[in-house]
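Right, one structure below, let's go through it.
Each reported figure results from applying straightforward, stated rules to the coordinates on display, with no laboratory input. Treat the numbers as computed from the prediction; the structure is a model and nothing was measured. Every residue, glycine as well, gets a Cβ built from its backbone with ideal geometry; the counts of neighbours run over all protein chains shown.
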Amino acid sequence: MNIQMSLFGGVLIGLAAAGMLFFHGKILGVSGIVGGLLNDRSRNMYWRLTFLLGLLLGALLLEPLGFSVMHETTGISLIYIGVGGFLVGLGAALGNGCTSGHGVCGISRLSPRSIIATVSFMITGFLSVTVLHTLLNGGQ
Amino acid sequence: MKEVLYILSPVMVGILFALGLGISGMTEPKNVIAFLDFLGAWKGDLMFVMGGAIATYMALYKLITQRVKRPLLEKEFSIPSNKKIDRRLIIGASLFGVGWGITGLCPGTGLVGLVTGNKMAVIFVLSMLLGMALGRSSFVSVAFKKVRR
């Protein structure tokens with residue numbers, strides 16, 4: 001982990017989002033793309049599905065290229081992962097976005113909703129890490 | 001040609017996005033948790049990821065929306081115009097943050113993690129889909145309308 005790789009990875013994320021805007025005029029928000037597949041059977045289904053296909057293809061390239069994906073354990077029990085995943089899905093659906101849609105695309109557009117959303121999830125993210133990982137020692 | 005591009009461009013975008021997440025270190029939940037751990041062993045890497053992404057997208061967003069009349073493959077841009085800050089947004093984002101902090105995963109990195117077959121990623125994605133289905137159900141929309149005065 002170093003600053004250059006973090007920055008470079010970030011630039012790639014920004015380029016991907018710009019590509020989605022240039023070709024399809026859409027915001028690259030992963031939760032909206034996945035959520036949209038749950039109940040939107042319009043033509044939008046196709047770009048959403050092919051985006052997810054690309055995401056998985058890109059994911060397959062990471063380890064051969066030497067980038068680690070979920071290798072290090074965080075010491076969190078699977079029950080907590082289930083609860084956390086549920087909250088991520090519920091929260092992104094209610095708040096209309098996640099780290100990509102609000103945190104990257106929305107902040108870049110200076111959208112007031114996205115700025116408020118990002119500040120909110122940073123604060124509660126900090127609180128949940130502090131309580132679970134620091135005080136409860138990983139919930140085990 | 002346009003039909004081919006219609007299918008292929010999101011694939012390319014998805015690949016680029018996954019590479020960005022992996023190269024930046026965000027596919028290791030430990031790095032995300034370390035960023036949120038202000039009172040513990042704080043590591044600021046995620047700040048540079050967001051900084052790089054925001055600077056890039058901000059510049060290209062301006063360029064594209066000002067210079068191009070419409071996206072290459074669609075009739076118009078679909079950019080959210082909602083400016084209303086309501087309870088639903090704040091409650092939603094706050095719940096999202098709690099889950100993000102517990103797991104160190106967001107929807108993008110959870111999906112990327114699926115290819116490793118890691119149990120953590122599978123459970124995360126399945127429960128995320130459940131949460132999304134509940135959050136998008138009419139049941140929840142009605143509940144939010146009722147409490148609004």
Normalised contact order of chain B, rounded percent, pairs of Cα under 8 Å and 6 or more residues apart: 26 percent
Helix axis angle, A:78-94 relative to chain A longest principal axis, alpha carbon, degrees: 40 degrees
The protein assembly as shown - charge dipole about Cα centre, Lys and Arg +1 at Cβ, Asp and Glu -1, debye rounded to 20: 1380 debye
Cα-centred dipole magnitude for chain A, charges only on beta-carbon of K, R (+1) and D, E (-1), debye, nearest 20: 500 debye
Summed residue charge, Cβ within 15 Å of A:Ser31's Cβ, Lys/Arg positive, Asp/Glu negative: +4
Nearest-ten-degree value, helix A:3-24 long axis tilted from longest Cα axis of chain A: 40 degrees
Given chain A, longest segment not containing exposed loop trypsin sites (Lys or Arg not before Pro) (DSSP; at most 10 other Cβ within 10 Å): A:44-140
Positive-end extreme of charge dipole, the protein assembly as shown - chosen from B:Pro10, A:Asn44, B:Ser141 (charges on Cβ): B:Ser141
Given charges at beta-carbon only (K, R positive; D, E negative), |dipole| of chain B in Debye: 880 debye
Projected-area average for the protein assembly as shown over all orientations - Cα convex hull basis, square nanometres: 14.7 nm²
Viscosity 0.692 mPa s, temperature 37 °C, Stokes-Einstein D of segment B:82-149 from Kirkwood C-alpha radius, µm²/s: 243 µm²/s
Counted charge near B:Ala34, where neighbours are those whose Cβ lies closer than 12 Å (Asp, Glu -1; Lys, Arg +1): -2
Isotropically averaged projected area of segment A:3-135, using the convex hull of Cα atoms (one quarter of hull area), nm²: 9.7 nm²
Qualifying trypsin sites (Lys or Arg not before Pro) in segment B:71-122, DSSP loop, other Cβ atoms within 10 Å at most 16: B:Lys75, B:Lys83, B:Lys84
Span-like helix ranges in chain B, DSSP H, alpha carbon extent 27 angstrom or more, Kyte mean at least -1.0: B:2-23, B:45-67
Listed residue pairs exceeding 28 Å between alpha carbons, taken from A:Lys26/B:Lys83; B:Lys2/B:Lys119; B:Lys2/B:Lys69; B:Lys62/B:Lys84: B:Lys2/B:Lys119
Relative exposure of B:Asp37, B:Asp86, B:Asp45, judged by other C-beta atoms within 10 Å (fewest first): B:Asp86, B:Asp37, B:Asp45
